[in-house]
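One structure below.
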Amino acid sequence: MRGDLKTIKRASLRSHGVQPEPAVLFAVLALPFVGAALTPLVYRVLGERTAYFAAAVATACLALVLTQYGTHGTVSVEWIPQLGVNLVLYMDGLAFLVALLASGVGVLVFTYSGGYMHGEPGQDKYYTTLLVFMGAMLGVALAADLVALFVFWELTSVSSFLLIGHYQREASSIYASRKSMLITVAGGLFMLVGFLFLHDVTGSFALFDSGASQGIITNAEMVREELSAQGLLLPVVALVALGAATKSAQVPFHIWLPNAMEAPTPVSAFLHSATMVKAGVYLVGRFRPLFVPEEVYIAEVWTPLLVGLGLLTMTVAAMLAVSATDIKELLAYSTASHLGLIVAGFGFAVSYGGEAGAFHILNHASFKAALFLVAGIVAHEAGTRDIGSLSGLRDDLPITAAIATVACLSMAGIPPFNGFFSKELLFEAAWETGAHFGGLWYLVPAVAVFGSVFTFLYSIKFLSLFYGDRPDGLGEVHSPPLAMVAPAAVLGLAVVVISLVPNLAIEYVAGLAYEGVAPGDAHSFTVPWPIPTEVTPYALMSLVTIVLGAALFPFYDRLHGAIGRARRFPYTSPNAYYDGGLAALERASGFVPAYVQTRMFRTYAASTLLAVCALALGGYLVAGTPIPPFGGLDSLTLLGVVGGIPLLVILLVALFGAAAVGIADSHVAGVLTLSILGFMVAIFYVLASAPDLALTQLVIETLVLLIFLLVLDKLPTWYGDLEVREAIPDAIVAGVVGVTVTLTVLVTTSAQPSQNIASFFVENAPIPGEHDPVLIDAGGGGNIVNVILVDFRAFDTLGEITVVAMAALAVLTLVGMRNRGEDV
Amino acid sequence: MSALAAALALQQSEPNTQFVLAVVLGLLFAIGTFLVLRRDVVRVVWGITIISQATNMYLVTMGGLAGSVPILGHGEAADPATVANPLVQALVLTAIVIGFGTTAFALVLTYRVYEEHGTIDLAELGENPPETGVSANTGSTMDGPEADPEAVTTADGGSQSGTDSSAGTAGVGDD
């Protein structure tokens, strides 16, 4: 690794910003994985305090990420220079924001886990996986190469799978983890196909210019034109969007997210609200400059697809959140809804859209992670997550209630909390787009408002858990440990800070991220604080949202019931299709054993042999390999054969021996005729000028004969009568194999391969002339085969000896251990 | 290069040899394949032995049968053109020994199959439903009386639904 770092070279990018430090970026990426590798060992020493070790690793990553603040550019290290493959990392405002969330929320979540996971099983696995996830997420943020991006992307899916299935014996955990895995990994594969299309068109996997290689996003204009010319624009956008939609739980792929709440709550806060699900929107943001040209109101394909997807998700998921009965379920649907908002924001071609997306990534991470931690505290201390039985928690959990209040008001989009500002930007984007095109396009802002009303409703519902009367059914509520309150408080404080100085947060963080998602040269933006003072259409949209929400809140229970009833209507939920599809797959795979896994060795052997024959013959056919012509029977004279008559006799006897084995009517007769073949092969080696082979063959053949006789003594003399029904198809298979081998031998022996290796051995095996007098009398190097075996290829011989030794051990075990096992 | 050309010329001049060997090897493979498809495990082992013998012969054939023994006399100058290809010989020597190891292993497996199941008829072995195989195994090699009858049922149910079976396993584990 150290050697590799020496070859690190810097490359400049479109912007003039300060270059990131290569060593630091690679360290950020490496640290979590090193930490994960050490965690099992650390756990043996520290036990439950491993949480703080993991938090320290995350803190180190956070510190390293912070040192790279404001830098911009790629760093690359040669990976496989022969293939032109480099590991390229990229740092800009967007990468910084996601890396900041991954490591920053990581610190809080690890600390929180120290309290939450107290007494839970499998903690070493938990922290290891969580650290691997953090590394993968940092990899997604920093990757500047499609291949690396895909690898880290799938790594986050795998670690999410393991974390959702943390309680691995619970049926619901298994269901949930399988669901998330199938959906997100399948989406990732579609995304990979999109990447391959991009590679096909551009010939490059690099996203940004680095050294000599051209980046895809840096040359957006050219790539976009080329894609349009080849008709690949829609497929590529759709495939990349599919990857993002599955990862970011967009409708109709949102169904895995509520199930994913089976994971321990810190995992939900980390993966399923602040970071992993952000990978999808990050991808959308990253590709936005590629597909959105400058100075347009609508980007071809991109805007209709993503705005439609985002607004649909925002609305549907918000309505589903209203129908939720469990606080984590509510937060899960709410997360999907807010991710929809970000996707829609990035979908708009007007600049406000990119601003809304970039700013909301930050805002959503702050208030939603806080709320998940709050939900964890409530579930942990009150012992229930049922919305119906929770109320008036303010007295028992005063600090938690304060955090929840701030976060919920922000989620609801009430000024001057930070969630309001990013939503306002989305309204601006929606209005600008709708007003520019007019007509039906006014639906866009209308849908945005409609979805936001539901967001307002469920946010206030969540908040109401802390106020009002305390129900009698609620048991004693304990005070949460500091390790759990402090991280939630930090996040709550972050909400407050961003709410107080949103323009500073934009200037220093979100604005830089916006530059990463905007085409061309972008500049930072500001929002009116604390509330919009001018009467604008979008300010009115916010007002309408809040007023409608407040007016509808008294009817929350009716809405809750109505949506719940609608959800029970069959075939409305994608879940039904997922479950049905899975059941159909399971039924279909039930048929496989009947036809493929017949438990008959005959079937396996025949299908394998025929498949190999088909591949070989097909290969010859496709490659147009010429079959050497047979000179005709006239030329087939006995004297024309190298080795002459003896060789022919030997071969004939060998064939008769083999044929006799084929028709032997007892085991002993078969073994004896098999030896005839073996000994004839030995003589064949003699005629082929291979004395060493002949000697070996003689020794081995004798040994094999002995072992056969020894084993046959213990076996029954049973002999399966030859059934014609079986023999005929078998003879056909055998014939096909025979013909294939004959052709192969003809083709290969007529080829003229280079004899360089053989010549090398012949020339180098003997002892050099000048040493002859000294060494030749003591130990000769004249036998070239021997020299190859013990000198040039000594390791192969070692491997051979190992195989024989393993076979001997296995024989010993199989013969000797059976009875010993019974004694025990 | 002249050495290479000479070696090739030696081989090329005798098209009969490769044709005869190709037919013989094809027949050997066919007989071996036919034996591999038999029901008797011992015959399957024979088939594999014949196929591996034929493969070794094939490799030697590929090196060319012409040429002198690859053993050089004292102080003799080596000429690749006149010496039989030592590379394939070294390969085949290894292959013979490993073939011996696998044959011995296959035979002992046969013996063990007979010990466990009382038959070496592959058709009969294949027809037995999996439960019987499992319980026969546990009955003789593992702690038979301890074997949980439910465990077998669970393994059977596993083919229907992953969720159900894992829940079942968890249940058994709790017991």
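Remarks
- Cα-based shape type of segment A:470-589, given that a ≥ b ≥ c are square roots of the gyration tensor eigenvalues and the cut on a/c is 1.5: prolate
- Look at the dipole of the protein assembly as shown built from charges on Cβ: of A:ALA566, A:ALA249, A:LEU440, the Cα furthest out on the positive end belongs to A:LEU440.
- Peptides A:585-598, A:389-402 ranked from most to least packed give A:389-402, A:585-598, packing being the mean of other C-beta atoms within 10 angstrom over each peptide's residues.
- Its residue count N sets the reference 2.2 N^0.38 Å, and the alpha-carbon radius of gyration of segment A:663-705 equals 1.25 times that reference.
- The alpha carbon centroids of segment A:583-623 and segment A:168-210 are separated by 29 Å.
- Each principal axis of the Cα cloud of segment A:275-317 was taken in turn, and the coordinate range along them, longest first, works out to 30, 22, 13 Å.
- Shielding by partners for peptide A:660-673, expressed as the average number of C-beta atoms from other protein chains within 10 Å of each residue's C-beta, is 3.
- To the nearest ten degrees, helix A:691-714 and the longest principal axis of the Cα atoms of chain A are 80 degrees apart.
- Chain A: angle of helix A:794-823 to the longest principal axis, Cα-based, in degrees nearest 10: 80
- Cut-off under 5 Å, modelled amide H: who pairs with A:ASP326 long-range: A:ILE387
- Lys-Lys pairs in chain A that are eight or more residues apart or on separate chains and whose Cα atoms lie under 28 Å of each other come to 24.
- Mean Cβ count within 10 Å, highest first, over the residues of peptides A:789-797, A:169-177: A:169-177, A:789-797
- Accessible surface of segment A:244-371, 1.4 Å probe: 60 percent of it comes from carbon and sulfur atoms.
- Principal axis dimensions, segment A:93-142 - Cα atoms, whole angstrom, descending: 40, 17, 7
- Projected onto planes of every orientation and averaged, the convex hull of the alpha-carbon atoms in the protein assembly as shown covers 51.5 nm².
- Sorting A:270-281, A:694-705, A:677-688, A:609-620 by their mean Cβ neighbour count within 10 Å, with the most densely packed peptide first, gives A:270-281, A:677-688, A:694-705, A:609-620.
- Per residue of peptide A:679-690, the mean number of Cβ atoms on other chains within 10 Å of the residue Cβ is 6.
- On association of chains A and B, roughly 9600 Å² of accessible area becomes buried (total for both chains; probe 1.4 Å).
- Estimated [θ] at 222 nm from DSSP helical runs (n ≥ 4, -39500 (n - 2.57)) normalised by residues in chain A, nearest 500: -23500 deg cm²/dmol
- Per-residue shielding of A:162-172, expressed as the average number of other chain Cβ atoms within 10 Å of the residue Cβ, stands at 2.
- Extending 7 Å from Cα along the Cβ direction at A:LEU543 and again at A:ASN756 yields two label points whose distance is 8.3 nm.
- Where labels lie 7 Å past Cα in the beta-carbon direction, separation of A:ASP791 and A:ALA659 in nm: 4.6
- Rounded tilt (10° steps) of A:644-663 against the dominant C-alpha axis of chain A: 60
- The residues of segment A:489-539 present an accessible area of 50 Å² per residue when probed at 1.4 Å with all protein chains retained.
- Accessible carbon and sulfur surface of segment A:131-211 relative to its total accessible area, %, 1.4 Å: 70
The values are calculated or read from the model by the stated rules, or taken from the named source; none is laboratory data. Not measured: the values here are computed from a predicted model. So basically every Cβ, Gly included, is an ideal-geometry build from the backbone, and we count neighbours across all protein chains shown. Just so you know, the surface numbers come from the protein's heavy atoms only, side chains and all, with ligands and any DNA or RNA stripped out. Shrake-Rupley method; radii C 1.70, N 1.55, O 1.52, S 1.80 Å.
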